[in-house]
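Take a look at the structure set out below.
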Amino acid sequence: MEVTDYIDVCRFFTVDIFEFKLVKFCLIFSKLALKPLILLQAYFFLKNFELKYFIQYAPVYFIAVYILACLHCQPLMTNLINTYTPRLQLWKIEEVTQKIATEAKQIWIYITLYMFTATTLSFIITLSYVIPTAKDKDLIFFFKIVEIYFPQWENYMVWTIKVMLLVGIYVGVSIPVFPIFYLSGHFTLQKMMFVHHLHQINSKHTKLKYLKSNYVEYHREIETKLTLCVQNHAQFSGWCFEALRSTRVYVFPYKIIGTIVMASVILVFFAFEGSLSDQYLRIAGTAVTTSVTLLGLVVSGQRIEDLSEDIYDALIQVEWYYWNLKNKKKYLFFLVNTKRKFKIKYTEDISLNYQLGLQVVKAIFSAMSVIYNLQQKKYS
């Protein structure tokens, strides 16, 4: 398979799968069905609040809220991909060496494997919720609502909710991460080709130390190549920053709700009264899937952040010291512009990168420690 084939596979997981009419129907149906269920559960929580029941039903409730947020963002993320992907084609893969093409192929293979793994996990966790257990109504409040208010339709409505999960959980896994990973793949591909062209600026002049400063043809050729790189970098940077600003609005709520989901799963694991032996697959699946989603966000965010550093490092290696004054000024201007980092920023101090992922992990383990200590005091 060529690089473009892997890109097409990733696009299918990210965008094209949502273009099928059956999938569109399921998305709309899930969106319409989840809203009243979430509102009803919130109403009962507020009307007769008991911490025990809140903890008991919180994981599935926040998973539903998370899925609903993803369902609403799906058209926006699809539009983002369709808008910016065609623009990120400044350099063609055919213009670079076989070595660069092979490295690009490896990157897209990793992205494809991640998407395939995340998709597989989403179906496994869906199956774990579809298979009935004795404690379904003690952990999934939606089933309790159906039992109380629609007993004659209980079997039909319960299975309808379970079928919704098939689409909902995939949306919950794919929408927050796949578009970011897909864009980061295109960003990285363009960066690799861009660095290749930077290295080619002096490629035809191997003995630069023998060139005279008034070598007109040489300086004209350098100016042409350098101008093309500056123009493409300006376009590339502008579209990158614009795309990243757009994703920031969607990614931050995902991170917050995802962290709440993880914390609520851990909380019910420690605080639930009774045995959860038949729920271990669901708990483990939810925890692993949430972790994989968070990992995907963090890795893709860090990859994007590293792009500007890679371009800057390549630029300072260019043998600029033989150029005339005009080209040196243009090079200096270029160098200053590449210092600005590509980031998915939530605030001035918080960005999507490894550091943020570490902070989330620390927060989760701190919550686990507090809950465990409370449980120990309760039974001591």
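The values are calculated or read from the model by the stated rules, or taken from the named source; none is laboratory data. A quick note: this is a predicted structure, and the numbers were derived from the prediction, not measured. Neighbour counts run over all protein chains shown; Cβ positions are idealised from the backbone, glycine included.
Descriptive notes on the structure:
- Among the residues of this structure, Val336 counts as one that is surrounded by fewer than 17 Cβ atoms within 10 Å (Cβ to Cβ), at pLDDT 75 or above and among the β-branched types (Val, Ile, Thr).
- Among the residues of region 36-56, some residue qualifies, meaning at least one is surrounded by 20 or more Cβ atoms within 10 Å (Cβ to Cβ) and modelled with pLDDT under 80.
- Close pairs (7 angstrom Cβ cut-off, 6 or more residues apart or separate chains): over 26 Å from Leu183 (Cβ atoms) in region 13-36, of a type in the set (Gly, Ala, Ser) anywhere: Leu34/Ala64
- Those residues of region 350-380 which are at pLDDT 65 or above and part of a loop (DSSP other than H, G, I, E, B), in sequence order: Ile350, Leu352, Asn353
- Single match in Val146, Val171 (criterion: surrounded by 15 or more Cβ atoms within 10 Å (Cβ to Cβ) and within 19 Å of the chain's Cα centre (by Cα)): Val171
- A count restricted to region 138-176 and to residues that are closer than 27 Å to Ser291 by Cα and part of a helix (DSSP H, G or I) stands at 21.
- Out of Leu88, Leu113, one residue alone is modelled with pLDDT of 85 or more and either surrounded by fewer than 20 Cβ atoms within 10 Å (Cβ to Cβ) or under 21 Å from Val261 (Cβ atoms) (or both). It is Leu113.
- Single residue of region 124-137 satisfying the filter (in a helix (DSSP H, G or I) and among the aliphatic types (A, V, I, L, M)) that is modelled with the lowest pLDDT: Val130
- Pair list, Cβ < 8 Å and 6+ apart or interchain, from region 153-166 residues that are surrounded by 17 or more Cβ atoms within 10 Å (Cβ to Cβ) to residues that are among the small types (Gly, Ala, Ser): Ile161/Ala33; Met164/Ser30; Met164/Ala33
Residue-wise test of (1) closer than 30 Å to Ala287 by Cα; (2) of a type in the set (Phe, Trp, Tyr); (3) touching a helix residue (DSSP H, G or I) at 6+ places or on another chain (Cβ under 9 Å).
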residue: Tyr129; (1), (2), (3): yes, yes, yes
residue: Ala134; (1), (2), (3): yes, no, yes
residue: Ile145; (1), (2), (3): yes, no, yes
residue: Pro151; (1), (2), (3): no, no, no
residue: Ile161; (1), (2), (3): yes, no, yes
residue: Val167; (1), (2), (3): yes, no, yes
residue: Pro176; (1), (2), (3): yes, no, yes
residue: Ser184; (1), (2), (3): yes, no, yes
residue: Phe194; (1), (2), (3): no, yes, yes
